Amino acid sequence: MHIGCPKEIKPQEFRVGLTPNAAREAINHGHTVSIETRAGEGAGFPDADYIAAGASIVGTATEIFETAEMVVKVKEPQAVERKMLREGQILFTYLHLAPDPEQTKDLMESGATCIAYETVTDNRGGLPLLAPMSEVAGRLAPQVGAWTLQKANGGRGVLMGGVPGVGPARVVVIGGGVVGTHAARIATGMGADVTVLDRSLPRLRYLDDVFGGQFKTSYASAGNTIDLAREADLIIGAVLIPGAAAPKLISKAQLAELKPGAALVDVAIDQGGCFETSKATTHQDPIYDVDGIMHYCVANMPGAVARTSTIALGNATMPFMLSLADKGWRQACEDDSHLLDGLNVHAGKLTYYAVGKALGIDVLSPTLALKA
């Protein structure tokens, strides 16, 4: 199979879909690999590294989309890229379709087979291709939250760990999954007073058992959430419903109940955001003010640490990428029901229920898509 990897064009996105090691593995499996020139530079991988791995370098993304049987990316295809997709082509990348009707429509019209990293599952009920970036985003969230809290950025002017005689920042993490756990660990390490909210009592027990009271836990009822939010300096939104739009956990009206200059970091922004006032921002212009509350809503947070993120993502996606290339998408998905869970669009049909529910689009069962 011919595998192609274009340069990412989303603003301030420095990651790349294939590492030189992944390219080498694919070539060792008998496939050909094309990389758009300078695609890996932002993550510290020059063209020479890909050439040494046996890949070919091409001048434009157009050449990638015209020749590749499978296109491997990081972020969802932008409008200009979606126009280049064609019937029968495989697209393997993050998609986050639930809050994005335009992208969903374009992918359906392309006729391509689109497999989303964020909905591929594993036998433990996890999301193995989302987890590495959730780990990165979770660890970044307190870091960027601390920066947002600085007075020069419009925040409360509170130091995360405080100093002797002055208490630390109060941090509330909404969601105790991968993002929330890593966010709580880092915020605690910075000396903050941290509480994690979740609706799963088994998850709260797990956090208490594993982390031994390093941070507090609380049940995420609506009342508990706003009570803790009122006292918080920093609130990190870390809620995920796989493939679906994120629930809105703090309304615009409730912003008036928060401390002036409090910071909201919305890690769920790729799925539409978990605060009513969230809107996607970029690394170039990451924060904005709504009613005196500072919002950090960068939609590709792991892109800030592109080398770490690219290597972590490549480690996770490589086995699935090789399976798709070795077997073709049908056989690969037939052999692996967890990979089939990643199928979001095929031959003009939407194949992921949560996206269909969010956007009001009829869904074809992925099992039926295999047989189509």
Q) Rg and Dmax of the chain over Cα atoms: what are they, in angstrom? A) 21.1, 68
Q) Which value in deg cm²/dmol, rounded to the nearest 500, describes the helix-derived mean residue ellipticity at 222 nm for the chain, given -39,500 (n - 2.57) per DSSP H run of n ≥ 4 and division by the residue count? A) -11000 deg cm²/dmol
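Full extension from ALA347 to ASN21: what is 0.36 nm times the residue separation minus their Cα-Cα distance, to one decimal in nm?
Here the segment from ALA347 to ASN21 would lengthen by 114.2 nm.
With N denoting the number of residues in segment 1-94, provide Rg(C-alpha) divided by 2.2 N^0.38 Å, to two decimal places.
On the way: Rg = 11.9 Å, N = 94, 2.2 N^0.38 = 12.4 Å.
This ratio for segment 1-94 stands at 0.97.
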Q) Could you give the dipole magnitude of the chain about its Cα centre, charging the beta-carbon of Lys and Arg +1 and that of Asp and Glu -1, in debye to the nearest 20? A) 620
Q: Just read off the accessible area of TYR50 with the full protein assembly in place, 1.4 Å probe, to the nearest 10 Å².
A: 0
**Q.** Lys, Arg +1 and Asp, Glu -1 on Cβ, resulting dipole of segment 58-108 about Cα centre, debye, nearest 20
**A.** 80
Q | Length gained when the stretch GLN214-LYS259 is fully extended (0.36 nm per residue, less Cα-Cα span) | A | 13.7 nm
Q: Rounded to the nearest 10 degrees, what's the angle between the helix 101-110 long axis and the longest principal axis of the chain, both from Cα atoms, 0 to 90?
A: 10
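Using a simple charge model, +1 on the beta-carbon of Lys and Arg, -1 on the beta-carbon of Asp and Glu, nothing else, what dipole does segment 236-372 show about its Cα centre, in debye to the nearest 20?
On the way: 10 positive and 13 negative charges, 33 e Å.
In debye, rounded to 20, segment 236-372 gives about 160.
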Q | Normalised alpha carbon radius of gyration of segment 133-280 [divisor 2.2 N^0.38 Å] | A | 0.95
Q. So what's the Cα pair-distance distribution over segment 120-205, bin width 5 Å, in %?
A. 3, 15, 20, 21, 17, 11, 7, 4, 2, 0
Q) Which angle from 0 to 90°, rounded to the nearest 10, does the C-alpha axis of helix 201-211 make with the longest principal axis of the chain? A) 80
(Q) Please give the Cα centre distance for segment 1-54 versus segment 281-353, rounded to the nearest Å. (A) 17
Q) With each pseudo-label sitting 7 Å past Cα toward Cβ, what's the ILE57-ASP227 distance in nm, one decimal? A) 6.1
Q) ³J(HN,Hα) across segment 283-299 via Karplus (A = 6.51, B = -1.76, C = 1.60, θ = phi - 60°), whole Hz, x for Gly/Pro? A) 4, 6, 9, x, 10, 8, 10, 10, 6, x, 10, 8, 10, 10, 9, 5, 7
Q: Give the share of C-alpha pairs in each 5 angstrom bin for segment 247-355, from 0 to the last occupied bin, in whole percents, shortest bins first.
A: 2, 10, 14, 14, 13, 13, 12, 9, 6, 3, 2, 0
Q: Just name one of ALA246, VAL210, ALA55: the one whose Cα is farthest towards the positive end of the charge dipole of the chain (beta-carbon charges, Lys/Arg +1, Asp/Glu -1).
A: VAL210
Q: Could I have the simple spin-label model distance between VAL166 and THR282, label points 7 Å from Cα toward Cβ, reported in nm to one decimal?
A: 3.5
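The values are calculated or read from the model by the stated rules, or taken from the named source; none is laboratory data. What you see is a predicted model, and the numbers here were worked out from it, not measured in a lab. Because the Cβ atoms are built from the backbone with ideal geometry, glycine has one as well, and the counts that use them run over all protein chains shown. Each accessible area value is taken on the protein alone, full model and side chains, heavy atoms only, with ligands, DNA and RNA left out. Shrake-Rupley method; radii C 1.70, N 1.55, O 1.52, S 1.80 Å.
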